[in-house]
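The values are calculated or read from the model by the stated rules, or taken from the named source; none is laboratory data. Predicted, not measured: the structure shown is a model, and the values here were computed from it. Don't worry about glycine lacking a Cβ; one is built from the backbone with ideal geometry, like all the others, and counts go over all protein chains shown.
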There are 2 protein chains.
Amino acid sequence: MARTQGSHSDITGPRIRKAALSLFARHGYAAVSMRQIAAEVGVQAGALYNYTPDKQSLLYRLMRDHMHELLSAYDEVEAGSDPAEDLRKFVGFHIRFNLQRPDEVFIAYMELRNLSSEYFAEIETLRRRYEDQLESILREGQRVGQFSVADTKIATLAVIAMLNGVLTWYRAQGRLSLDQVEQVYWDMVRKAVAI
Amino acid sequence: MARTQGSHSDITGPRIRKAALSLFARHGYAAVSMRQIAAEVGVQAGALYNYTPDKQSLLYRLMRDHMHELLSAYDEVEAGSDPAEDLRKFVGFHIRFNLQRPDEVFIAYMELRNLSSEYFAEIETLRRRYEDQLESILREGQRVGQFSVADTKIATLAVIAMLNGVLTWYRAQGRLSLDQVEQVYWDMVRKAVAI
DNA sequence: GTCTATAAATCGATAGAC
DNA sequence: GTCTATCGATTTATAGAC
């Protein structure tokens, strides 16, 4: 892993972000030093500053990129005219997208407090934009009489919180396949918002 | 807040834990220094070590005490013979207990990774014991045909994750009263596990 | 673009006076 | 029980050689 002197790169930037992602997710942003990240990449600490102005910007970029990927990936999920079908798609999308990026998801909601207020506000706006997609589905289902929730905003947050819980226990080698997990959660969500 | 020399105390211990609780919840365990905690209490950093052997033990005690309070408080909720009624009581208990102690709850699941493996295992055992109380209700309801969930373990984690979400948005001055919040969540939980 | 070296501040924890 | 003082290690970030 040790690297000799000289110019490497084009790939050092991505490797730094990958190493930071993994270390931040495992130990927490505040507990990880720039030297640890550098050692994981195989460079000296000073070299990191060719790629990020400071430690916090490194965290911010990881979170921002993740939120942008989340939003653009969900844009690919075509919305139909049936709220129940849209909700089923949302549940499947959310579970699968998040399980494919456990470290990013973990950081994106565990390390918010380590962002400056400007960065924090920006990430929160992106998160809110994603939540709004689900709320629109619930409101439309409510409007046409397919769903019945007392409060669409709370129902939105409740559904997302429930789905995020998958991350804390799911293991690919576990008892249930991904299809089964999706089915179990879809059953609960479907009933929770049903008439 | 500054304190003069001499013996104070019997109350310094609780004040240290209270300060640590608040600071850990706000900034994260790793980001808070012993000097910050001492300053909040109004003593010098060295004095803290009359009350804790080290920083991590301070975190551990906060988490352990919280889990013990959670378990013994739930013991006070008398179990009936009706699973639906027991579930309703669980939902109400969980929401209210957690909203009364947001800092403790936050720390108890955000700072697990900062515990040594022995401490971690102990806290996890306590958490599992609490989850088992809910799972017993779901299994009994399933057995007598009142509930229908594909998997009681997953349903347990899903319900708790959903309820924990309240902490992220509830404000006492907000749009909904505590009774209303409880009602909204109970509606969703009730339907999610219904036949 | 990466290195070595270092500045300047801060960390957890301890020793010993009072 | 709290203070002052300090040890020794570590931190983020920068400067300058190559």
For this session: Only residues that are crowded, with 21+ Cβ neighbours inside 10 Å and in a loop (DSSP other than H, G, I, E, B): list them for segment B:148-158, please.
Result: B:Val149
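Yes/no matrix, rows are residues, columns are (1) more than 21 Å from B:Leu176 (Cα to Cα); (2) modelled with pLDDT of 95 or more; (3) within 13 Å of another protein chain (Cβ to nearest Cβ):
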position	(1), (2), (3)
A:Glu131	no, yes, yes
A:Ile137	yes, yes, no
A:Gln142	no, yes, no
A:Asp151	no, yes, yes
A:Ala155	no, yes, yes
A:Ile160	no, yes, yes
A:Val184	yes, yes, yes
Exercise. For residues in segment B:140-195 being hydroxyl-bearing (Ser, Thr, Tyr) and touching a residue at least 60 places away in the same chain (Cβ under 8 Å), which is nearest to A:Val159 (Cα to Cα)?
Worked result: B:Tyr185
Problem set entry | Residues within segment A:107-138 that are touching a strand residue (DSSP E or B) at 6+ places or on another chain (Cβ under 8 Å) and not in a helix (DSSP H, G or I), tallied | 0
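Yes or no, residue by residue, for (1) outside the structural domain of B:Ala31 (by TED's automatic domain parsing); (2) over 30 Å from B:Ala30 (Cβ atoms); (3) acidic (Asp, Glu):
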| position | (1), (2), (3) |
| --- | --- |
| B:Asp82 | yes, yes, yes |
| B:His94 | yes, no, no |
| B:Leu99 | yes, no, no |
| B:Glu104 | yes, no, yes |
| B:Tyr109 | yes, no, no |
| B:Asn114 | yes, no, no |
For this session: Please verify whether segment B:9-29 includes one or more residues that are within 28 Å of B:Tyr109 (Cβ to Cβ), within 13 Å of DNA strand D (Cβ to nearest atom), touching a helix residue (DSSP H, G or I) at 6+ places or on another chain (Cβ under 8 Å) and within 14 Å of another protein chain (Cβ to nearest Cβ).
Result: no
Problem set entry | Any hit, segment A:29-42, residues being assigned by TED's automatic domain parsing to the domain that holds A:Arg127, surrounded by fewer than 14 Cβ atoms within 10 Å (Cβ to Cβ) and without any contact (Cβ under 8 Å) to a residue 40 or more places away in the chain | no
Problem set entry | Qualifying residue in segment A:10-21 (condition: assigned to a helix (DSSP H, G or I), of a type in the set (Ser, Thr, Tyr), surrounded by 14 or more Cβ atoms within 10 Å (Cβ to Cβ) and away from DNA strand C (no atom under 16 Å from the Cβ)) | no
Exercise. Mind checking whether some residue in segment A:32-48 is out of contact with any strand residue (DSSP E or B) (no Cβ under 6 Å at 6 or more places or on another chain), closer than 30 Å to A:Glu131 by Cβ and within 16 Å of DNA strand C (Cβ to nearest atom)?
Worked result: yes
Problem set entry | Residue in segment B:67-110 that is surrounded by the most Cβ atoms within 10 Å (Cβ to Cβ), counting only those that are at pLDDT below 95 and over 14 Å from the mean Cα position of the chain (by Cα) | B:Ala79
Problem set entry | Residues (among the charged types (D, E, K, R) and either in a loop (DSSP other than H, G, I, E, B) or closer than 13 Å to B:Asn164 by Cα (or both)) located in segment B:88-101 | B:Arg96, B:Arg101
For this session: Please tell me if B:Glu104 is within 30 Å of A:Leu23 (Cα to Cα), within 12 Å of chain A (Cβ to nearest Cβ) and part of a helix (DSSP H, G or I).
Result: no
Exercise. List pairs: first in segment A:122-138 and farther than 25 Å from A:Ser81 by Cβ, second outside any helix (DSSP H, G or I) and of a type outside the set (Gly, Ala, Ser), Cβ under 8 Å, 6+ apart or cross-chain?
Worked result: A:Ile123/A:Leu115
For this session: Kindly indicate whether B:Asp82 is more than 14 Å from DNA strand C (Cβ to nearest atom) and of a type outside the set (Val, Ile, Thr).
Result: yes
Exercise. Across segment A:159-195, what is the number of residues that are within 20 Å of A:Pro102 (Cα to Cα) and either small (Gly, Ala, Ser) or not in a helix (DSSP H, G or I) (or both)?
Worked result: 10
Problem set entry | One residue from A:Gln56, A:Gln36 being over 23 Å from the mean Cα position of the chain (by Cα), outside any loop (DSSP other than H, G, I, E, B) and within 10 Å of DNA strand D (Cβ to nearest atom) | A:Gln36
Problem set entry | Residue count, segment A:43-53 (criterion: free of Cβ contacts under 8 Å to residues at least 12 places away in the same chain and not in a helix (DSSP H, G or I)) | 2
Exercise. Is one or more of the residues making up segment B:49-64 β-branched (Val, Ile, Thr), surrounded by 14 or more Cβ atoms within 10 Å (Cβ to Cβ) and within 14 Å of chain A (Cβ to nearest Cβ)?
Worked result: no
